[in-house]
Amino acid sequence: MELWSEGETMILLSLLVYFMSTVKCFEMKTIYCTISDSCDCDFKPNIQGLEWDLYKNVYGQHLAQDIVSESVARFLQNENPDRPLVLSFHGASGTGKSMVSTMLGRYLYGTAMGSTYIHQYVPTLHFPLADRVRQYRSELKRWVLGNLTACARSIFIFDEMEKMPPGVIDVLEPFLGPSHVVFQTNYRKAIYVFISTVGKEVINKVALESRQAERDREEIQPEELEEAIADAVYNNKNSGFYNSKIISEKRIAHFVPFLPLLRRHVERCAQRELCQRGVCQRRDVATAVGGAMSYMPQVGQHFSSTGCKLVPAKVNLFL
């Protein structure tokens with residue numbers, strides 16, 4: 001008695017051929033993803049658009065404009081980077097940190113944070129309990145591995161790093177260096193952005209001293225601030241980077257300072273808000289918004305206490 005009929009044998013052979021072809025396609029996709037810039041992502045980098053938007057719509061932040069535009073352009077021009085691009089944004093609330101991270105999404109994927117390849121993490125939502133560091137580390141590693149496998153050009157944004165339980169983020173340290181191995185993808189093509197208010201005291205102090213010395217704001221250079229910011233986040237017990245190997249192993253390419261905003265910057269934010277509402281001509285409202293903000297320090301009152309964060313609400317008040 002035959003074990004298989006002719007028809008059953010044909011079906012078995014067909015399934016075997018299909019399985020082998022599927023495996024072959026997977027192997028080819030793996031090779032393609034390793035060497036390709038896109039790996040089936042919707043990656044559509046527009047560096048000129050990013051630079052134009054940074055310089056047109058991010059007010060009072062020459063350091064952030066220069067560092068972000070130059071580092072992203074240089075990173076993307078390198079077809080085989082030796083490590084991911086890692087940027088850490090620091091400054092007071094309302095100074096433009098989240099706006100710049102949104103611009104990265106818009107000009108690298110053609111969408112403002114809407115791409116499935118842009119991943120944003122908020123500690124109060126994703127890592128709310130300080131006693132679950134081990135669990136969060138395991139989950140974060142798994143999330144990052146899965147997303148990198150799906151797309152080598154993934155963008156990871158970690159907001160409010162001052163609220164991140166210390167120790168969690170260090171699970172990513174191997175992913176940020178040159179010697180890690182992630183199968184089925186080139187992990188070195190990813191971009192990581194950390195956002196934090198830790199370090200704002202250092203930044204505000206340098207900005208104030210510069211103003212008191214009657215030094216032009218645009219003369220402040222990155223090297224005056226980057227090392228001090230790194231020390232501040234490493235030694236701050238309320239920072240997600242407290243005693244972090246990511247800092248000690250120098251995995252962050254740039255600590256990007258966001259300077260405190262002057263009244264003229266607040267009024268420009270208000271003018272932009274008015275134009276978005278179709279009432280560009282109401283410059284009186286922009287002036288009123290600038291006058292209604294609180295400023296610091298008590299002596300001099302040079303810098304907006306809340307940056308541009310409250311501008312939309314103030315515009316509503318004066319319209």
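Only the coordinates and a few stated rules stand behind these numbers; no lab work does. For clarity, every value in this text was computed on a predicted model and none was experimentally measured. Ideal geometry is used to build each Cβ from the backbone, glycine not excepted, and the neighbour counts take in all protein chains shown.
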Q) Computed FRET efficiency, Cβ-Cβ of K237 and N57, R0 51 Å: what is it to the nearest 0.05? A) 0.90
Q. Roughly speaking, what is the stretch gain from A292 to Q221, that is 0.36 nm per residue apart minus the C-alpha to C-alpha distance, in nm to one decimal?
A. 22.5 nm
Q) Taking the Cα centre of the chain as the origin, how large is its charge dipole in debye, to the nearest 20, when only Lys and Arg (+1) and Asp and Glu (-1) carry charge on their Cβ atoms? A) 940 debye
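Report the gain in length on full extension from K250 to M113: 0.36 nm times residue separation, minus Cα-Cα distance, nm rounded to one decimal. Don't skip to the end; give the middle numbers.
Details: separation 137, 0.36 × 137 = 49.32 nm, distance 2.75 nm.
In short, 46.6 nm is gained.
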Q: Would you list which lysines come within 20 Å of K237, measuring only between C-alpha atoms, while excluding same-chain residues fewer than 8 positions from it?
A: K163, K200, K245, K250
Q: Please tell me the relative contact order of the chain in percent, rounded to the nearest whole number, where contacts are Cα pairs under 8 Å and at least six residues apart.
A: 22 percent
Q | Label-point separation in nm, F318 to D131, each point 7 Å along Cα→Cβ | A | 4.9 nm
Q) Suppose R0 equals 45 Å; then what is the FRET efficiency for R211 and N46 from their Cβ-Cβ distance, rounded to the nearest 0.05? A) 0.80
Q.
Can you sort R264, R132 from fewest to most other Cβ atoms within 10 Å of each residue's own Cβ?
A. R264, R132
Q | Among M293, I252, I118 - extreme Cα towards positive end, dipole of the chain, charges at beta-carbon | A | M293
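Can you give me the relative contact order of region 170-303 as a percent, contacts being Cα pairs under 8 Å and 6 or more apart?
Values: 105 pairs, mean separation 27.7, N = 134.
Over region 170-303, the number comes to 21 percent.
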Q. Of the residues Q120, Q271, Q301, which exhibits the maximal mean-square fluctuation in a Gaussian network model of the chain defined by a 10 Å Cα contact cut-off?
A. Q301
Q) Going by how many other Cβ atoms sit within 10 Å of their own, how do M99, M164, M113, M293 line up, fewest first? A) M113, M99, M293, M164
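Enumerate by residue number the chymotrypsin sites (Phe, Trp or Tyr not before Pro) in region 143-252 meeting two conditions: DSSP loop (anything except H, G, I, E, B), and at most 14 other Cβ atoms within 10 Å of the site's Cβ.
Working: sites: W143, F156, F158, F175, F183, Y187, Y192, F194, Y234, F241, Y242; in loops: F183, F241, Y242.
Passing both the DSSP loop test and the Cβ count: F183.
For S101, what is the net charge nearby, where nearby means another residue's Cβ is under 13 Å from its Cβ and Lys, Arg count +1, Asp, Glu -1?
Values: positive: K97, R106; negative: D53, D159, E160.
Neighbourhood net charge equals -1.
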**Q.** Signed unit charges on C-beta, dipole axis of the chain, positive-most listed residue G307, L50, M164
**A.** G307
(Q) Suppose R0 equals 30 Å. What FRET efficiency, 1/(1 + (r/R0)^6) with r the Cβ-Cβ distance, do R142 and E201 give to the nearest 0.05? (A) 0.25
Q) What full-extension length gain, to one decimal in nm, is calculated for V122 and E70 as 0.36 nm per residue of separation minus the Cα-Cα distance? A) 16.0 nm
Q: Specify the residue with the greatest mean-square fluctuation among E51, E226, E70, computed from a Gaussian network of the chain linking alpha-carbon atoms under 10 Å apart.
A: E70
Q: Please name whichever of N316, Q135, C41 sits farthest to the positive end of the charge dipole of the chain, dipole taken about the Cα centre and charges placed at Cβ: Lys and Arg +1, Asp and Glu -1.
A: N316
Q. For region 263-318, what is the charge dipole size about the Cα centre, in debye to the nearest 20, if Lys and Arg each add +1 at the Cβ and Asp and Glu each add -1 at the Cβ?
A. 120 debye
